[in-house]
Amino acid sequence: MQPALLTLFASGAAASAAALGVLPLVGRERVPQAWIGWSNALAGGMMFGTAFALGAVGGAPAWPAAAGAIVGILFIVWTHAVTGTEDLDLNRLDETGPEYGYRVALIQSLHAGSEGVAIGAAMAVGLPFGLFTATTMAVHNIPEVTVLAAVQRSRRMSLAECALLGVATNVPQVFVAVATYAVVSAAPPMLPWALGLATGMLANLVLVDLLPESYRQAGHTSIALVASAALTVVALLMGWIV
Ligand SMILES: [Zn+2]
């Protein structure tokens, strides 16, 4: 199969897996606050592990990847500033303001777009690393959508609507993955830049979007443990598989 088509299918499967994030909400109106914190820590740890993996495969010279990472960090700062979401907590279950649900969905879509860069760049490195990254992103989409669904459930959305929204907010992952793969395949010198870009974006998103509120919801120690365990598993699997 053509690698571009594989990128489309792999990122499409990752976005579709997001629907499974509603499963912890089946049969209950709300999940405990700590579950929300742990879900974000799990997703954040996997993103950190992926950021590490993307940085590790960058190769020499290191400066394009480093420059790309700086651009990635600045890009996230800029998107947060433009959308007015610099200090937006993504997991306030009791927030009932009319704008809040839309802003959370918007920031989740931007977040997913950044992860599309990771999948596309990884596919350009090679098939095993591309599929490894797409699978990691697929699994991490599940706890991220658990958080999104918990927020939207508290705003009276049905489970089916939450699952649909979860997939819809991850559709940018598919478009951006295919576009990134197409660009770096056509211009291979762009690959270290794209790897660095994804590394910077993923690391910044974990620190700004996922972890801050999680510490308050589940306690510092358990968040650190869950995030560190997820990071370690991804890093070890990367060494084993790739
Ligand atoms: Zn994520």
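The values are calculated or read from the model by the stated rules, or taken from the named source; none is laboratory data. Remember, it's a predicted structure, so these values are computed and weren't measured experimentally. In this analysis, Cβ positions are derived from the backbone assuming ideal geometry, glycine residues included, and neighbour counts consider all displayed protein chains. Calculation scope for accessible area: heavy atoms of the full protein, side chains included, ligands and nucleic acids excluded. Shrake-Rupley method; radii C 1.70, N 1.55, O 1.52, S 1.80 Å.
How many of the residues in the stretch 121-138 are more than 16 Å from the ligand (Cβ to nearest atom) and in contact with a Gly (Cβ under 8 Å, 6 or more places away or on another chain)?
2
Would you say F75 is modelled with pLDDT under 95 and closer than 22 Å to I223 by Cβ? Even if it seems obvious, please write down each step before you answer.
On the way: modelled with pLDDT under 95: yes; closer than 22 Å to I223 by Cβ: no.
No; evaluated as a whole, the condition is false for this residue.
Go through the stretch 194-223 and give me each residue that's away from the ligand (no atom under 16 Å from the Cβ), surrounded by fewer than 21 Cβ atoms within 10 Å (Cβ to Cβ) and in contact (Cβ under 8 Å) with a residue 24 or more places away in the chain. Let's see the steps before the verdict.
At the first step, the residues of the stretch 194-223 found to be away from the ligand (no atom under 16 Å from the Cβ) are 194-196, 215-222.
Subsequent filtering for residues that are surrounded by fewer than 21 Cβ atoms within 10 Å (Cβ to Cβ) retains 215-216, 219-222.
Result: Y215, R216, G219, S222.
If you go through the stretch 184-231 one residue at a time, how many are within 19 Å of G37 (Cβ to Cβ) and not small (G, A, S)?
18
Which of the residues belonging to the stretch 152-181 are under 16 Å from the mean Cα position of the chain (by Cα), small (G, A, S) and open to solvent by less than 50 Å² (accessible area, probe 1.4 Å)?
Answer for the stretch 152-181, where residues must be under 16 Å from the mean Cα position of the chain (by Cα), small (G, A, S) and open to solvent by less than 50 Å² (accessible area, probe 1.4 Å): G166, A177.
Out of the stretch 192-219, which residues are of a type in the set (A, V, I, L, M) and under 19 Å from Q173 (Cβ atoms)? Walk me through it before giving the result.
So the first thing to find is which residues in the stretch 192-219 are of a type in the set (A, V, I, L, M), and the list is 194-195, 197-198, 201-203, 205-208, 210-211, 218.
If the condition is that a residue be of a type in the set (A, V, I, L, M) and under 19 Å from Q173 (Cβ atoms), then A194, L195, L197, A198, M201, L202, A203, L205, V206, V208, L210 are the ones that fit.
Mind checking which pairs have a first residue in the stretch 134-153 that is within 16 Å of F48 (Cα to Cα) and at pLDDT 95 or above and a second that is near the ligand (Cβ under 10 Å from one of its atoms) and open to solvent by 10 Å² or more (accessible area, probe 1.4 Å), Cβ under 6 Å, 6 or more apart or different chains?
Cβ pairs passing all conditions: T136/M46.
Hey, among L106, L197, L164, L205, which residue is touching a His at 6+ places or on another chain (Cβ under 7 Å) and of a type outside the set (S, T, N, Q)? Before the answer, list the steps.
Details: L106 fails: touching a His at 6+ places or on another chain (Cβ under 7 Å); L197 fails: touching a His at 6+ places or on another chain (Cβ under 7 Å); L164 fails: touching a His at 6+ places or on another chain (Cβ under 7 Å).
Checking each option against the conditions leaves just L205.
Condition test on M238, is it part of a helix (DSSP H, G or I) and within 16 Å of the ligand (Cβ to nearest atom)?
Values: part of a helix (DSSP H, G or I): yes; within 16 Å of the ligand (Cβ to nearest atom): no.
Taking the combined requirement at face value, the residue does not satisfy it.
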